[in-house]
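Scroll down for the structure; my scribbles are underneath it.
The values are calculated or read from the model by the stated rules, or taken from the named source; none is laboratory data. All values derive from a computational prediction rather than experimental measurement. Every residue, glycine among them, receives a Cβ derived from its backbone with ideal geometry; neighbour counts consider all protein chains shown. Side chains included, ligands, DNA and RNA excluded: accessible areas come from the protein's heavy atoms. Shrake-Rupley method; radii C 1.70, N 1.55, O 1.52, S 1.80 Å.
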Amino acid sequence: MISLYRKFLKKIDADFLMKETENLWRREFPQTFKAYHEAAFYTKELVEKAGLPNVELIELPADGKTAFLDNRMPIAWDASCGRLTLLNCKEKVKNNPFGNDEEGRLVAADFQKHPFSLVKGSVLPGGKRTARIISETQLLSGIDAEGTIVLLDKSTRPYGKAITMLLDLGAIGFLADNVTGGLDHPDSIGWFNAACESDWHVTAAHRPFVGFSTTPRIGDYIREQLKRKAVMAQVECDGVRYVGVHHAVTALIPGRRKEEVWAYGHLYEPLADDDSCGVVAAIETAKQIMAEGTPEYSVRVVFAMELYGFAAFIGKRMGGDLRKKVIGALNYDGLASILNVKLKCYTCPMGTPCFGNFLIEELTNAMQTEKASFTCKMYPSAYFDDIAFNCPSVGLAAIWALCDHGDTHHTSRQEIDILDKETFAQGTAFNTALVSAMANPDPAMVKVALSIAKEHVEKHLADVKEKPFGSDLDRFRLLCDVERTHLAAFGRVLPSPDIAGVLKEFDDFCASLEKGLSAEDKGITPIRTAAEKIVMQYTATGFPHSLAKTGDTVPFGLPDGCIYGPFSNVLANLHTPMSVAEAIRRTEYERGTELNDSAVKSYINGLNRLADAGYLRVISRPELGKEEIVKALQALGVKKGDVLLVHSSVSNCGYIKGGAETVIASLEEAVGKEGTLLFAAFTRPYMYLGGPCREWLFRPYDGKNPSQIWTGTIPKTVLKRADALRSRHATHSWCGFGPLAETCLMQHAPDDNPASINSPMGVAMEHGAKILHFGSAIASTTFLHLLEDVCNVPFLGNAVAKAKKEDGTYAVYAYDKHLPGHRDFYCGAEAEKKKFYTRAIPAGLTIKREKLGTGELLLMDCQEYFRIGKKIVDEDYTVLLCDDPSCAFCSRFRKK
């Protein structure tokens, strides 16, 4: 491998790399779709000038709706003007790249001066308006955001929940000064590719916004001004979203065999080293390989939009399934091109066999003694970004040598002068050697690969012994199987008896090391036992990145963002039908880390939601229905006519057929028509709760908007009923139905303290209510706060909340006995081991229990709870405070 690197290093045209990277980067720099078209056509021209055959320019939709491999395409966007001018600020800020206008007013962002300053996808109805600028702190303090531009905190990236919140609150857009390395580089500008409510790009369903990016120095200046006065701005933006197209460019060098090796780099990011340089380097690679003569395997270059464009190319041009078409690939995104950069070399995971894994490791090892202006190190295999196409249903078989951009990542400092000519040539030679080695497999590499695989196995054995979890034997065998899978991939490209002999030698080697390893799985927990009974198979093509099957504008979240952690491995494992428990265990073995029960539960929930959305086929799964739930409730002691205060975490009980509706129907049947059901429907309208609030869920209370509720899906579903009522309290409302619902709910005024005696909990207690936990832990018993209120404990505090009134105006409510800070019992299932319950249970508090699926139902009598609890808290309120000396809140009040 090192000889290939040295050979190509002598031949690489460094002048071509530098010149054409600058030419392409300048075309991509404006980040509009007009610029994208110019970049694509220029790339096609470069490929043709390089003499590559079979060149294609492929048109792909940019309609914000179409999805390929579950990546929803962006909607096209163009702009020529985007400027934010501060109308009442005329000072000059040092090194301001936008300057002051002709009237001396400070300009905080100007697309014409720097395209990064207008966030892609920005639109402004009318094109021009005056708006007040408010800070994120002011926004979260309840200042009316209608028609404003929100200056986000330095630590806030304009994405996801932040965008959703400010748009929900009526802001027209944002100004961000979040810059990687901003403290050391206060005059640089951040580039935001994914400044939208979900996904990486604005789609047809996303709401309009106008977003600006400025320097940290300007951001600091505006924050100082906001301390003194209202800052007004003239907002200009002629951005337009429209149904358009974007393009992929490809060319194919035919080999003696039709199977392909890919060299691919993404277009359409306005950063010289990410990835204008990768596109040009891949073209140079193709030139060099073609100059060597006909390769054994065909070589294809592919250039498209990162992730989304490649998904569209693979789906539209290649039919989606590459397993029989591609034998190996190299991602050129962020190759070595910066002086003294560090390369992170990623291999292909087990889901797609890849002999290229051994090539990149052999070359990486050899580079340790080579004089080069970059360093490289092997990293664990992974599915993310453009190597997410390594998933088994696509089968790209890609490796990736990714440069660590450090504190320049996605900033205005990634301009052409960041590139180092010598390093760029070396990085291109590194990549060219890998592509050439995959396209012209050398039988001698099989023995090298065997040696590397044996070294890995010895390391795996040491890891198993040093950090044991699960079954030591199963874990070791799985890791051996990973190595064997990639070794066996040589058999596809070098069909010869030697491969069988190498595999036998490897198998014998592994067998000789496994002696003495325990087969017992030492980590079986109830949630893992439940997961053993769930058998699924992933049936979609590609990872569920956009969750396009759901049709939701902002779909439900998946663990690890789907492709940025172990959840991707679980999905990859489930391409073969198996139990969820096995898929998770295999993932843990492959990644070398055991997941806790909370993570396992979140994975099960994520898989169930994906199955409901049509991504997974359920082969077998325990499912709870109404009959089982009613029977469990009756066994628990729920009777006709009961008044129940319900807390719920339905997913803890396993998969319930029909979801929340089934649970509600079961509860209704258990208490009968004469019974009343009340559900916690809490929201986050706080502007102040023992201190200024920092909560992305902040919304003024709106009784007509159930989406604000954070206490689960049950209360949201209850409020769809025609007979459902909801109390008026701004922070701690309850909802429900039944003959006593109005009596219990409507005595609680909006400005009463949240857990006062006239709250729904207090009124329900007068009517003999019981507290029911449906899968939820006892730690979430809000009734305990009623005891705090009645006993007048000193750690209840001041709060201010905002609520929307019937006429659409807003009211602000102040509370003097709200619920700030920490408590000893805020600890999930461990709450019963804490001080309050270790006193209350021996004093006579009865907690009835009944198993339901993987969870548990709990039932307590309110009057008994009140009588016993009040005595305990009156005697010593510190039973409610934790004993952790590092907890400032509890420590402060324990001392009092």
For segment 153-241, what's the relative contact order in percent, using C-alpha pairs closer than 8 Å and at least 6 residues apart? 31 percent
Using amide H atoms built 1.01 Å from N in the peptide plane, name the residues 5+ places from G542, or on other chains, whose amide H lies under 5 Å from its own. S393, V394
Highest mean packing first, using Cβ neighbours within 10 angstrom, the peptides 614-627, 580-593 sort as 580-593, 614-627
What list of ³J(HN,Hα) couplings, whole Hz, do you get for segment 538-546 from phi and the Karplus terms 6.51, -1.76, 1.60, once you set θ to phi - 60° and write x for glycine and proline? 6, 10, 7, 9, x, 5, x, 6, 8
Percent of Cα-Cα pairs more than 11 Å apart in segment 769-812, please. 76 percent
When the solvent-accessible surface of protein heavy atoms is calculated with a 1.4 angstrom probe, in what order do K229, K92, K802 fall, highest first? K92, K229, K802
With an 8 Å cut-off on Cα pairs and a minimum separation of 6 or more residues, tell me the relative contact order of the chain in percent. 10 percent
In what sequence, largest accessible area first, do H185, H405 appear using a 1.4 Å probe? H185, H405
Distance between modelled label sites at S3 and T539, nm, 7 Å Cα→Cβ extension: 5.2 nm
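Taking a temperature of 37 °C and a viscosity of 0.692 mPa s, what whole-number D in µm²/s does Stokes-Einstein yield for segment 66-195 with Rh from Kirkwood over alpha carbon pairs?
After rounding, the answer is 205 µm²/s.
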Among (1) 47, 35, 29; (2) 52, 38, 23; (3) 68, 37, 23, the entry matching semi-axes √(5λ) of the Cα gyration tensor in Å as calculated here is (2)
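How big is the equivalent ellipsoid of segment 170-279 along its three axes, where each semi-axis is √(5λ) from the Cα gyration tensor, reported in whole Å from largest to smallest?
39, 20, 10
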With just the Cα atoms defining each centre, how far is segment 797-875 from segment 147-165? Give it in Å. 33 Å
At a probe size of 1.4 Å, how large is the accessible area of R27, to the nearest 10 Å²? 80 Å²
Which value, in Å², gives the accessible area per residue of the chain when a 1.4 Å probe is used on the protein heavy atoms? 38 Å²
Pull out a ≥ b ≥ c, the square roots of the eigenvalues of the alpha-carbon gyration tensor of segment 507-597, then state rounded if a/c is under 1.5, prolate if not and a/b is larger than b/c, and oblate in the remaining case. prolate
Protection-proxy order for peptides 532-542, 207-217, 454-464, each taking the mean of Cβ atoms within 10 Å per residue, highest first: 207-217, 532-542, 454-464
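Within the set of other residues whose C-beta is less than 12 Å from the C-beta of S451, count the net charge using Lys and Arg as +1 and Asp and Glu as -1. Present the calculation step by step, with values, prior to reporting the outcome.
Numbers: positive: K447, K454; negative: E361, E362, E455, E458, E483, E505.
Cβ neighbours under 12 Å give a net charge of -4.
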Under the Karplus curve 6.51 cos²θ - 1.76 cosθ + 1.60, θ = phi - 60°, whole-Hz ³J(HN,Hα) for segment 641-651, x wherever Gly or Pro sits: x, 5, 9, 10, 9, 9, 10, 9, 9, 4, 5
What whole-number distance in Å separates the alpha-carbon centres of segment 373-402 and segment 483-510? 22 Å
For the ranges 415-427, 870-882, what's the packing order if you count other beta-carbon atoms within 10 Å of each residue, average per peptide, and put the highest first? 415-427, 870-882
Which whole-angstrom value gives the distance between the alpha carbon centres of segment 118-139 and segment 585-602? 43 Å
Measure off 7 Å from each Cα along the Cα-to-Cβ vector at D507 and K459, then give the distance between these two points in nanometres to one decimal. 2.6 nm
At most 14 other Cβ within 10 Å, DSSP loop - trypsin sites (Lys or Arg not before Pro), segment 265-359: R323, K324
Would you mind getting me the FRET efficiency between Y826 and K895? Use the beta-carbon distance for r and R0 = 30 Å, nearest 0.05. 0.90
Using a Förster radius of 25 Å, what is the FRET efficiency between K11 and L494 based on their Cβ-Cβ separation? Nearest 0.05, please. 0.45
Is segment 304-451 rounded, prolate or oblate when judged by the Cα gyration tensor, a ≥ b ≥ c being the square roots of its eigenvalues, rounded requiring a/c under 1.5 and prolate requiring a/b larger than b/c? oblate
Candidate residues D177, D883, D78, D220: accessible-area rank, largest first, probe 1.4 Å: D883, D220, D78, D177
Taking Cα pairs closer than 8 Å and at least 6 residues apart, the relative contact order of segment 349-447 in percent is 33 percent
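Share of the chain's accessible area from carbon and sulfur, percent, 1.4 Å?
On the way: 17030 of 33630 Å².
The computed percentage sits at 51.
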Among DSSP beta bridges lying fully in segment 639-781, give the percent that are antiparallel, nearest 5. 45 percent
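Which shape class applies to segment 791-896: rounded if a/c is under 1.5, otherwise prolate when a/b exceeds b/c and oblate if not, where a ≥ b ≥ c are the square roots of the Cα gyration tensor eigenvalues? Before the final figure, lay out each step's value.
Numbers: a/c = 1.92, a/b = 1.32, b/c = 1.46.
Since a/c reaches 1.5 but b/c is at least a/b, the shape of segment 791-896 is classed as oblate.
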What translational diffusion coefficient, to the nearest whole µm²/s, does segment 42-88 have by Stokes-Einstein, given a Kirkwood radius computed over alpha-carbon pairs, a temperature of 25 °C and 0.890 mPa s viscosity? 167 µm²/s
